Amino acid sequence: MDSQDVCLLLNVTKRTLQTYRDKKLLPYTSVGGKFFYRESDVAEYLESKTIKRK
């Protein structure tokens, strides 16, 4: 997934996504100045932020 895909999925801005990268909250790969994210990593990040009911 590229940055635009992740921004739309997480409903965050490109700047917020950059902060996630800077804080190492979301793993990424950079190719030619463009950032890519594994779908499984994004899903894992979402799962970690999900509040579960008891």
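The values are calculated or read from the model by the stated rules, or taken from the named source; none is laboratory data. Worth saying up front: this structure is predicted, and the values here are computed from it rather than measured. Positions of Cβ are generated from backbone atoms using ideal geometry, with glycine treated the same way; all protein chains shown enter the neighbour counts. Side chains are part of the model used for accessible areas, which takes the heavy atoms of the whole protein and leaves out ligands, DNA and RNA. Shrake-Rupley method; radii C 1.70, N 1.55, O 1.52, S 1.80 Å.
Pairing each residue of region 36-54 that is in contact (Cβ under 8 Å) with a residue 24 or more places away in the chain with any residue that is assigned to a helix (DSSP H, G or I) and open to solvent by less than 70 Å² (accessible area, probe 1.4 Å), provided the two are 6+ apart or on different chains, yields C-beta distances under 7 Å for 37/6; 42/6.
Pairs meeting the criteria (first residue in region 1-25 and assigned to a helix (DSSP H, G or I), second residue basic (Lys, Arg), beta carbons under 7 Å, at least 6 apart or on different chains) are 3/14; 7/14.
Let's see how each residue does on (1) in contact with a helix residue (DSSP H, G or I) (Cβ under 8 Å, 6 or more places away or on another chain); (2) open to solvent by 80 Å² or more (accessible area, probe 1.4 Å):
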residue	(1), (2)
3	yes, no
6	yes, no
15	no, yes
19	no, no
30	no, no
33	no, no
40	no, no
44	no, yes
51	no, yes
